[in-house]
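Report on the structure given below.
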Amino acid sequence: MAIRKFAFLVVLGLMAAACGNGSGNPTSSGPKHGGTLTVAIGIDPDTLDPAAQTTTTASQVVDMMVERLYTLDSNGATQPQLASAMPTTSSDGLTYTIPLRTGVKFSDGTPFNAAAAKAGLDRLLNPATFKTQPGVLSVIDTVTATDDKTLTVKLKSPFAPFVAALTQTNAAILSPASLTVNGNTPAQVKVPVGTGPYVMKDRVNGDHIAMTANKDYWGSQKPNYDTQVIKIVPDDPSREALIRSGGADVIVSPPLSDLPSLSSDSSLKVLKAKSDRTLQIIINTVDTNQPLLQKPEVRQALNYAVNKDEIVKNVMFGNATTLDAPMSKTLFGYCSVGTYAFDPSKAKQMLQAAGASGMTVKLGSPTGRYPQDIKVAQAVASYLHDVGVTVQGPETSDWPTYLGHVNVPPAQAAFDMHFLGWAPAYLDASQQFEQFRPDRIPPKGLETSYYANPTVTDLVTKAAAEVDQQKRKDEYCQASKQVWNDAPWIFLYNQSFPIVYSAKVTSVGAFPNEKFDTRFASPA
Amino acid sequence: MLTYVARRVLVSIPTVFGVATVIFLMVRLLPGDPARVIAGVLATPEDVDRIRHQFGLDQPLYVQYVTYLFHLLTGDLGTSTRTGQPVTQEIVSRLPYTMELAVVSTVIAVVVGVTAGVIAATRRGSALDLAISALAVFGLSMPVYWLGLMLIILLAIDIHAFPAAGAQNPLGFVLPSITLALFSLALVARQSRSAMLEVLNQDFVRTARAKGAPLRTVLVKHALRNALLPVVTVIGLQFGALIGGAVLTETVFSWPGVGRLLVDSIFSRDYPVVQGVVLMLAVAFILVNLLVDLLYAYVDPRIRYS
């Protein structure tokens, strides 16, 4: 018995030692370093192949190891990463000449140069690459290595947000030599090798991904933790439990309702990072089941009927900002276009004038896709009920089923209105306007309001090819105003992306597109 | 005996084939386009089409079915559409974690459950019996999800005795095993109690006592041995359920087992992995049932398979 007790104490001691990560060796100046940083995320990355990335959480893990020609800064502005400066663009907007950094090496020792950059982009465009997702980058016609430090990219048609689109993880540059080792093939990469501050160590599917610091990292900022372990903890309360018990140093997306108590815990810090995700009730603007929704004044009335500020305060626990434009503030092309202040009596009057008093609508919402999703949908239903609208639902299901229900052409629409979030892959208004372009109506895209306004379409088409950035901005601003007045959505809010980290850690950051940033975190 | 085993294995082949067919159709009946789910909401139509083609989901259903069966015959479960890894490798990498929980919690359930059941039966009507019965009802009715979180709060957050999540810590298995064991434990305890009560009332027990055999011997060698048959059945069924039923426990404790693989695969409409895991579970159930039947002969020598 005594032996057992002793063993138990030894194990406890070992655990305490394991929990006391990152004791840190202070240097004369600059950040402390050493130890292990444990970060808990909610999803198990399907693949670490940059070309096949679809979620920001998995992308961020890849970003720690593999870098792109351009990146975002913490404010969301585009900055050179492996490029040495912004590119020069030909006057027809078709040719981009990108100067590259010199003296940079991949973590396997292969030098980074124009040939490697070309191979990276070509691989993304190659249909043989497993699950490759070039998306808008399929606008690229040819990629040429002009010389060792210059890359020339020719586009099929002018595409103004091209540099912003290069900030996506799928445009990351892998070491060409790594494509045939460690189980990698040119078609499918399991162990990504890049120029990033961390290097892949091991992975246990469903449990964790471990990375070690790249000692020869080229950047001015250096990785400070020797090891970073990304733990897969799918359940929100379990992630919270993990950081409270000392089993993790950083967690993303804790349960929103617990943020006040997490904020008041002196051993923890809460970062409410910006996100580019807007949440809205999308209205079927060509609805034949409830034709009243085809009238803009009815849709405007629904906007007046819903108290968004109260939803943000009480359902989202303050972790969101009420929308004042059909996109988040973090996008290039954003301008504030107005508000639909909560005014139920005005809503009632407008509905009555339009002959829509007491109309019936069917509402859909996913469960578990966005923070508080079904609860927000229920709150909206209750506000609509207060102005005399009969709401059937919210009918709800898991995400893939729900997506199957809403991603349908107008003739098969299952709901009159449905709850959906939209988060641009790069921070440009063109990505948000994918939601207001008739050429993106399913099955061609996910424009599920089926909204079409020629004025908006013209402005968006012009802006996509506009070289003058100020003009582009103005065009998006004008288009936003039109969308706001046509009200294809009940505009709700722009959510934030909460990150909780231990007070023993410093320099935890985030990008405004729901990516956490622990690359240069260090012991406090 | 061997003939019996061979016959049972042969008989189960149509069952496996039936499961393979039903699950093939069922995953395809689920709403939601796998190519769109995997490509994400921002994907262009070209991206979605390319992915659909890479998975062979653009082929007619019968072609997919024939290809699937043909591969199955050669032992190939296909390639995960979520991760691009062979399904067999996906399952094999997760199975040890699930087996660890299933075995440990079964051991806990059997040892504690049978002991509690026997004690309750021999002290029928006592306060102890009542307490055990009450605890068994608690165990049967507590949601795994709630129980898991309570254990985490008490034993991981408040007193730091065990890790809250993950399989890398050597003590990581303790909390999920206890959580998982409780339901089976309660079931085994109740089953043992009622089986023991039935046996204890029989003549041979009275005879044994009358001969002057010590109480312990009578309980363990005479009564328990005879009460084991229904208990073994329950344990077998529970073990089968544990292999597949650990979904919630694995989620709460971030345990990288087969249950979570199945859930992740269903939510990403990863047809090959869902098919593979369900087939594996079917085979596991068949094997466990066979084992239980063989155990009967050992527990009760009157039963013979020839």
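Summary table below
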item	result
14 Å beta-carbon shell around B:Ala116, net charge (K/R +1, D/E -1)	+3
Burial of 20 Å² or greater, the range B:238-274 residues [accessible area, probe 1.4 Å, versus chain by itself]	B:Thr251, B:Val252, B:Ser254, B:Pro256, B:Arg260, B:Phe267, B:Arg269
Average beta carbon contacts from partner chains per residue of B:22-35, 10 Å cutoff	2
Most to least accessible of A:His405, A:His385 (protein chains only, probe 1.4 Å)	A:His385, A:His405
Peptide-level mean, for B:153-162, of C-beta atoms on other protein chains within 10 Å	4
Calculated from backbone phi, Karplus (6.51, -1.76, 1.60) coupling profile of the range A:59-70 in Hz, x at Gly/Pro	4, 5, 4, 5, 4, 5, 10, 10, 10, 10, 5, 10
At 0.692 mPa s and 37 °C, Stokes D of chain B from Kirkwood alpha-carbon radius, µm² per second	148
Cα coordinate range in the range A:222-316, projected on the principal axes (Å, largest first)	60, 27, 27
Rounded tilt (10° steps) of A:373-386 against the dominant C-alpha axis of chain A	20
Hypothetical label at A:Gln349: residues of the range A:291-319 whose amide nitrogen lies under 19 Å (7 Å Cα-Cβ projection)	A:296-307
Accessible surface ranking that places the most exposed of B:Leu101, B:Leu72 first, with a 1.4 angstrom probe	B:Leu72, B:Leu101
Average beta-carbon neighbours from other chains, 10 Å sphere, peptide A:241-253	5
Summed buried accessible surface, chains B and A, 1.4 Å probe, nearest 100 Å²	4000
Gained length - B:Val137 relative to B:Thr15, 0.36 nm times residue gap less alpha-carbon distance	40.4 nm
Heavy atoms of B:Glu100 accessible to a 1.4 Å probe, total area in Å² rounded to 10	70
Tilt relative to chain A, helix A:2-19 - C-alpha long axis, 0 to 90 degrees, to 10	70
Overall dimensions of chain A by Cα: Rg and Dmax, Å	24.7, 84
Other-chain or far-sequence residues with amide H under 5 Å of A:Ser397's (modelled H)	A:Ser365, A:Thr367
At least 50 Å² of accessible area lost relative to the chain alone, listed for the range A:122-136 with a 1.4 Å probe	A:Phe130, A:Lys131, A:Gln133
Straight-distance crosslink candidates among aspartates and glutamates, where the alpha carbon sits under 19 Å from A:Lys269 and sequence neighbours closer than 8 are dropped	A:Asp236, A:Glu240, A:Asp249, A:Asp258, A:Glu514, A:Asp517
Alpha carbon convex hull of the range A:444-494, projected area averaged over orientations, nm²	4.3
Exposure rank, largest accessible area first [A:Asp343, A:Asp49; 1.4 Å]	A:Asp343, A:Asp49
Kirkwood hydrodynamic radius of the range A:146-269, Cα pairs, Å	18.3
Length released on extending from A:Asp141 to A:Val286, taking residue separation times 0.36 nm less the Cα-Cα span	48.5 nm
Chain A: relative contact order as a whole-number percent, Cα under 8 Å and 6+ apart	19
Loop trypsin sites (Lys or Arg not before Pro), the range A:92-169, which have at most 16 other Cβ atoms in a 10 Å radius of their Cβ (DSSP)	A:Lys156
Cα centroid separation, the range A:167-188 to the range B:187-237 (Å)	64
Protein accessible area in the protein assembly as shown, 1.4 Å probe - carbon and sulfur %	61
In order through the range A:407-422: 3J(HN,Hα) via Karplus (6.51 cos²θ - 1.76 cosθ + 1.60), integer Hz, x for Gly, Pro	7, 9, x, x, 5, 9, 3, 8, 10, 7, 9, 8, 7, 8, x, 9
At least 20 Å along the helix axis (C-alpha) and Kyte average at least 1.0, DSSP helices within chain B	B:2-29, B:87-122, B:127-141, B:174-200, B:225-245, B:271-299
Per residue Cα convex hull volume in Å³ - calculated over the range A:408-512	145
Descending semi-axes in whole angstrom, ellipsoid equivalent of the range B:179-264, from the Cα gyration tensor	39, 10, 9
Positive minus negative residues near A:Leu82 (Lys, Arg vs Asp, Glu; Cβ under 14 Å)	+2
For the range A:95-237: accessible area per residue (Å², 1.4 Å)	36
Gain in span if fully extended, B:Tyr62 to B:Lys221, counting 0.36 nm per residue against the direct Cα distance	51.4 nm
Taking N as its residue count, the alpha carbon Rg of the range B:101-176 over 2.2 N^0.38 Å	1.32
Mean-position separation - Cα centroids, the range A:311-366 and the range B:289-306, in angstrom	68
Principal axes of the range B:2-73: Cα extent on each, largest first, Å	58, 20, 17
Within chain A, helix-based [θ] at 222 nm, where runs of 4 or more DSSP H residues each add -39,500 (n - 2.57), nearest 500	-7500 deg cm²/dmol
Rg to Rh quotient for the range A:278-495, alpha carbon positions, Kirkwood Rh	0.94
Chain A: angle of helix A:114-125 to the longest principal axis, Cα-based, in degrees nearest 10	40
Cross-link table A:Lys308/A:Lys375; A:Lys222/A:Lys329; A:Lys190/A:Lys222, entries beyond 22 Å C-alpha to C-alpha	A:Lys222/A:Lys329; A:Lys190/A:Lys222
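The values are calculated or read from the model by the stated rules, or taken from the named source; none is laboratory data. Keep in mind that what you see is a predicted model, and the values were worked out from it rather than measured. Cβ coordinates were reconstructed from backbone atoms using ideal geometry, including for glycine residues, and neighbour counts include every protein chain displayed. Accessible surface is based on the protein model in full, side chains and every heavy atom, while ligands, DNA and RNA are left aside. Shrake-Rupley method; radii C 1.70, N 1.55, O 1.52, S 1.80 Å.
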